[in-house]
Amino acid sequence: MTTTRPFIIALDLDNRAKRLELLRSFNSESLFVKVGMELFYREGLQVIEELKQSGHRIFLDLKLHDIPNTVQRTMKELAALDVDIVNVHAAGGQRMMEGAVEGLEAGTPTGRKRPVLIAVTQLTSTDEDMMQKQLLIEKPLTEVVQSYAQLAKKSSVDGVVCSAQEVPFIHDACGETFYTVCPGIRRAEDEKGDQKRVVTPQKARELGSWGIVVGRSITTADDPFSVYKTMKQQWEGLK
Ligand SMILES: O=C(O)c1cc(=O)[nH]c(=O)n1[C@@H]1O[C@H](COP(=O)(O)O)[C@@H](O)[C@H]1O
């Protein structure tokens, strides 16, 4: 992937008109956007085509988590869409992640680079208490995230989705070139909502995150473009 340290905007909006209005407010700037389940299930393949034609790069966030055969075959289909990043849940295990890589490689048309594949470790809406009491995982959260990252690397996956809080531990275990894409990004004054492991753009950069994902801080703002510009400058260390 040619993009260095992307700032990814999650297009989580509940109708097409709002999505178009948001994108219009960015004044034709070329963006890196995330198409999540809400948008993809509403607008389908057409939205991928539209966003590509407008020159945006795309993280297609469908978080595949199924038996290895199904994930492999589905990734083969997604590889044909010409998106930049796709993802799976690391909890699907090594064979499922290997299958995802194989499917992507098989489905990428000749002459095109295959999409980057990243694996979700523990959702940023999870904290250690929830992990222990609800998911019955007894180990410290950082250790679990680090171990999922190692499994993803062993499965030839390109990187992980994690909180920026865990990035140094992932670099220790998997090296600095292993991609870390970090949601749960908020400015100090923002509402956390359902996010538990929250980090500011500046801190995410200091911790060495490769990319960040920002949704509601921008999508619910009165002036989304101005919030985007400020947060992007903070992420780039300019503010
Ligand atoms: O895979 C993701 O993108 C993801 C993983 C994760 O652990 N946490 C997480 O918040 N996300 C996504 O990142 C976005 C964060 O949105 P906000 O909390 O509104 O900034 C949402 O679209 C989530 O689906």
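Every number here is computed from the coordinates shown, using simple stated rules; none is lab data. Here the structure is a predicted model, which is why all the values come from computation and not from measurement. So basically every Cβ, Gly included, is an ideal-geometry build from the backbone, and we count neighbours across all protein chains shown.
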Picking from ASN27, ASN69, ASN15, the residue that is within 30 Å of ARG95 (Cβ to Cβ) and not hydrophobic (A, V, I, L, M, F, W, C) would be ASN69
Are any of the residues in region 66-73 more than 25 Å from ASP223 (Cα to Cα), buried (at least 20 other Cβ atoms within 10 Å of the Cβ) and over 16 Å from the mean Cα position of the chain (by Cα)? yes
Of the conditions (1) within 15 Å of the ligand (Cβ to nearest atom); (2) of a type in the set (A, V, I, L, M, F, W, C); (3) surrounded by 20 or more Cβ atoms within 10 Å (Cβ to Cβ), the single one that MET96 does not satisfy is (1)
Filtering region 7-22 down to residues that are part of a loop (DSSP other than H, G, I, E, B) and either more than 13 Å from the ligand (Cβ to nearest atom) or among the acidic types (Asp, Glu) (or both) yields ASP12, ASP14, ASN15
Examine region 100-121 for a residue that is more than 24 Å from ILE67 (Cα to Cα), buried (at least 16 other Cβ atoms within 10 Å of the Cβ) and more than 14 Å from the ligand (Cβ to nearest atom), and state whether such a residue exists.
no
Quiz item: If you go through region 134-148 one residue at a time, do you hit one that is within 13 Å of the ligand (Cβ to nearest atom) and touching a residue at least 60 places away in the same chain (Cβ under 8 Å)?
Solution: no
Checked region 80-97 for anything part of a helix (DSSP H, G or I) and either farther than 21 Å from THR180 by Cα or not small (Gly, Ala, Ser) (or both); matches are GLN94, ARG95, MET96, MET97
Scanning region 181-199 for residues that are farther than 16 Å from ILE9 by Cα and more than 10 Å from the ligand (Cβ to nearest atom), the one surrounded by the fewest Cβ atoms within 10 Å (Cβ to Cβ) turns out to be GLU189
Test result for GLU236, over 18 Å from LYS18 (Cβ atoms) and free of Cβ contacts under 8 Å to residues at least 12 places away in the same chain
no
PHE26: passes all of (1) surrounded by fewer than 21 Cβ atoms within 10 Å (Cβ to Cβ); (2) within 27 Å of PRO109 (Cα to Cα) but (2)
| query | Is at least one residue of region 167-179 within 10 Å of the ligand (Cβ to nearest atom) and under 16 Å from the mean Cα position of the chain (by Cα)? | reply | no
